[in-house]
Structures are given as structure tokens and as C-alpha cells.
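FYI, it's all coordinate maths here, none of it is from the lab. Please read these numbers as outputs of a predicted model, since none were measured by experiment. Don't worry about glycine lacking a Cβ; one is built from the backbone with ideal geometry, like all the others, and counts go over all protein chains shown.
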Amino acid sequence: MWAVEKGRDCVVRKGLDTGINIENVDNNGWNAMMYAAQRGNMNVITWFLEYGGDLLNSSLDDKSTALHLAAKGRLIDICMVLLKAGAYPEAKDTSGKRPLDYLEDRRDREKYNDCLSATYKEGKDAARLHQEREDRSIDKSLNKAMEIIKKVAVDDIGGYGGLTTNKDGEESRFEM
């Protein structure tokens, strides 16, 4: 979370590639997705969504979600990305406000509502969008795990070499 909060994108990316847990929360209940949404960091938001970041987590103090934080900061582009990924637009914070309630500019409200209409017109709800993104994330994680397993297996074989038997039954060692 430190890297997200401080805008250290390369550190965040390296952490994601090495398998850090992006669902850890701090003492306020904020996860890394929430910090990225508050900062308006589109790259990190996109990466977290690829890796299955939690859009439904809310802070302990005021129950704000990542979508609330983006809306409070009037970061409409972040709001639209989060909505398309399955953020819950009807979530209310302790003030009883939905994310849309924080958008004061008429044009921002129109963009937000247009995005909602376009996202949900196919009959998908936030839960289904979230599940589809989760499924893609699991597939990506499994593929990454298989790459690591293959690399370790090749390194092990390369480090130890192997034995082969020729047509006369004689064994010989080979190196990879």
C-alpha cells in the first residue's frame, strides 16, 4: 500500500508480478485499490483489476469504497473504469451517500449515468461483472503459477543434468 500511496508504480507492478496480496487492509480498512482510486492512478487501478482487486471493500471509518473515493475526488475516468469492472454503484457510506452523490458537475453526473446505462444494459449486474473479472483473474493467476512451475522444473533439470541410456545399455550423463 505504501507504494500505491506514494505513486511508486514500478514497485507496485513488480509486487503484482511476484504475487503480493493486494487485498491486505490497513488499520482504517483501506486496501490498495482504495488508495489507487483516491490518487486517480489509472495504471495501478487497471493492474489491480487484472489481478482481481476487491471493488467492494469499504473503509472502517466512513464505509467509503474505491468508487466513493474516486467520486469524492471528482475522478470521473476512474469512476467509469471501476463501474465497468463491477463496482457497486448503490453502496452507501455512513453519510448515506452513493458515489454519484459526490459528483457535483452536471457533465460528470451524465458521464457516470451513461456509463451505468451502458454497463448494465446487457442485463449484467455488479455481482456478475465482479464474478467475470474474478474468473479472468483466477485464470491469469493459474497461468502465472504454471509459468513459475515450468521455470523451476527447467532450472532443476538444468542444474542437475540427467542420465540417458544408449542402445548398448550404457548410461551417460548429460547437462542441459
Exercise for the section: May I ask you to compute the full-extension gain from V25 to R106, defined as 0.36 nm times their residue separation minus their alpha-carbon distance, rounded to one decimal in nm? Expected result: 25.8 nm
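Ranking request for peptides 79-90, 98-109: highest mean number of other beta-carbon atoms within 10 Å first, then the rest in descending order.
Result, highest mean first: 79-90, 98-109.
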Exercise for the section: With N denoting the number of residues in the range 1-92, provide Rg(C-alpha) divided by 2.2 N^0.38 Å, to two decimal places. Expected result: 0.97
Fill in the blank from the handout: With the 8 Å Cα cutoff and a minimum separation of six or more residues, the range 20-116 has a relative contact order in percent of 23 percent
Problem - Sparse-neighbour loop sites [trypsin sites (Lys or Arg not before Pro); the range 1-62; at most 16 other C-beta within 10 Å; DSSP] - result: K6, R8
